[in-house]
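To start, the structure itself, in structure tokens.
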Amino acid sequence: RLQKLKEMFMSKFGSAPKFYVRAPGRVNLIGEHIDYCGYAVLPMAIEQDILIAVEPVKTQVVQLANTNSLYLDFSTSVNNIQINKTKPQWHNYFLCGLKGIQEHFGLNNPTGMNCLLDGTIPPSSGLSSSSALVCCAGLVTLRANGKTLSKVELAEICTKSERYIGTEGGGMDQSISFLAEEGTAKLIEFSPLRATDVRLPSGAAFVIANSCVEMNKAATSHYNIRVMECRLATKLLSKSKGLDWKKMLRLHDVQSKLGVSLEEMLTIVEEVLHPEPYSTEEICKCLGISLEELRSQILSQNTQDVSTFKLYQRAKHVYSEAARVLEFKKICNEAPANAIQLLGELMNQSYISCREMYECSCPELDRLVDICLQFGAIGSRLTGAGWGGCTVSMVPTDKLNTFLKNVKKAYYQTDVQRLPLENNSLFATKPGRGALVFVEA
């Protein structure tokens, strides 16, 4: 693949690349939509990745090209990076990583570059192709400008810089992209960022199946509305407990300030919040602020026009999902005889919560999960933001081949649109390694 990329690079730019950078996609095994609430998650890097061939140049221009002809070439001056939030095109994700590194070092005269990108992560599939591209671009810019950072620093910068495109992510995708190691999943904790190895049980394979419904987080408001609902739930829970609610941003902050367990937080949610949606008027009344203050001080730019928010359901999902992550890690560490069964149950509970409480599933994902469970998966759930994208299923190794055959038949071969996509849409994966730089010898 490197050789092919090199040849394409030479025919495109007329010279050879000096180095290559790779950043993997990821699958989140459990812990959906809780990283931006401050809670630990449990992802692993997959073998699919973004690979960029790079040549630093004397001119202050970045030229971007893609091996996939669907993605158009783009070039811009390195001193004038404009990121268009309204149309999240592929090159804007590259520019996020570029701008993040430039700003971190205050680079006045950053190096120009020719870059050719090749990606094997299915786009908009919930496997983090966009974050892998941001991470890859950050590492490309770092290397081209002769700077160094630790993996943790890189992950933190790339998390912040992806927000240039309007996605209020929590940092899981960027962290696993840099901190992943072959053969192990990771428990990723935030503030401070750290990653702990989690050995997955032998005897089970993790299978990714793409629903073939594309979901672009930056192009829709579902994702950012959920972030805001969690923030509003934080404020209301804090106020009810006499905490300084103006300073509280994440559901984790409430738990740590109160010093209680996740189970106790679930009880508090039951006592304080009601299951009916909250209107903006009611939220203002609870907090004792005006609608103007709510909009200017709490709501994000892209949630200004939302008139109702579900706080009870979102908080309930977050606290219960955070508990499932810790339980998942504990089972992996203790490795009881029925570990696969127990982990599968946690994945199934996670999925039901995502579907019922967080409402981030869709009919195709529901159907796919049903099919996977029917054909031998012990656990199956949506992975990534949801509303499309992929499922991840835990399948006993001895049933893997028949599982793949049956799912292909039941989900992909029954639909004309999915049929051409079946080869790249269903695969078993093992924990892969994190981002790397290769230098031309």
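The values are calculated or read from the model by the stated rules, or taken from the named source; none is laboratory data. Model, not experiment: these values are computed from the prediction. Cβ atoms come from the backbone with ideal geometry, glycine included; neighbour counts cover every protein chain shown. The protein model used for the area step is the full one, side chains on, heavy atoms only, and it has no ligands, DNA or RNA in it. Shrake-Rupley method; radii C 1.70, N 1.55, O 1.52, S 1.80 Å.
Filter the stretch 371-412 down to the residues that are under 18 Å from Met44 (Cα atoms) and out of contact with any strand residue (DSSP E or B) (no Cβ under 9 Å at 6 or more places or on another chain), then identify the one that is modelled with the highest pLDDT. Selected residue: Gly386. With the condition kept exactly as written, say whether any residue in the stretch 280-300 is within 22 Å of Gly31 (Cα to Cα) and open to solvent by 10 Å² or more (accessible area, probe 1.4 Å). No.
Within the option set Ser125, Ser191, Ser161, Ser177, being open to solvent by 10 Å² or more (accessible area, probe 1.4 Å) and either in contact with a Cys (Cβ under 7 Å, 6 or more places away or on another chain) or of a type in the set (S, T, N, Q) (or both) holds for one residue only, Ser191. The set of residues in the stretch 68-103 that are open to solvent by less than 40 Å² (accessible area, probe 1.4 Å) and of a type in the set (Val, Ile, Thr) comprises Thr76, Val78, Ile81, Ile83, Ile101. Scanning the stretch 321-345 for residues that are without any contact (Cβ under 8 Å) to a residue 24 or more places away in the chain and open to solvent by 30 Å² or more (accessible area, probe 1.4 Å) yields Glu327, Lys330, Glu334, Pro336, Ala337, Asn338, Leu342. Number of residues in the stretch 424-441 that are in contact with a Phe, Trp or Tyr (Cβ under 9 Å, 6 or more places away or on another chain) and without any contact (Cβ under 8 Å) to a residue 24 or more places away in the chain equals 0.
So for the stretch 39-62 (the condition being assigned to a helix (DSSP H, G or I), buried (at least 21 other Cβ atoms within 10 Å of the Cβ) and under 19 Å from the mean Cα position of the chain (by Cα)), does at least one residue qualify? Within the stretch 39-62 (the criterion being assigned to a helix (DSSP H, G or I), buried (at least 21 other Cβ atoms within 10 Å of the Cβ) and under 19 Å from the mean Cα position of the chain (by Cα)), the answer is no, since none of the residues qualifies.
As a summary of the residue check, Ser353 satisfies the conditions (1) at pLDDT 95 or above; (2) surrounded by 16 or more Cβ atoms within 10 Å (Cβ to Cβ); (3) in contact with a Gly (Cβ under 7 Å, 6 or more places away or on another chain) except for the one numbered (3).
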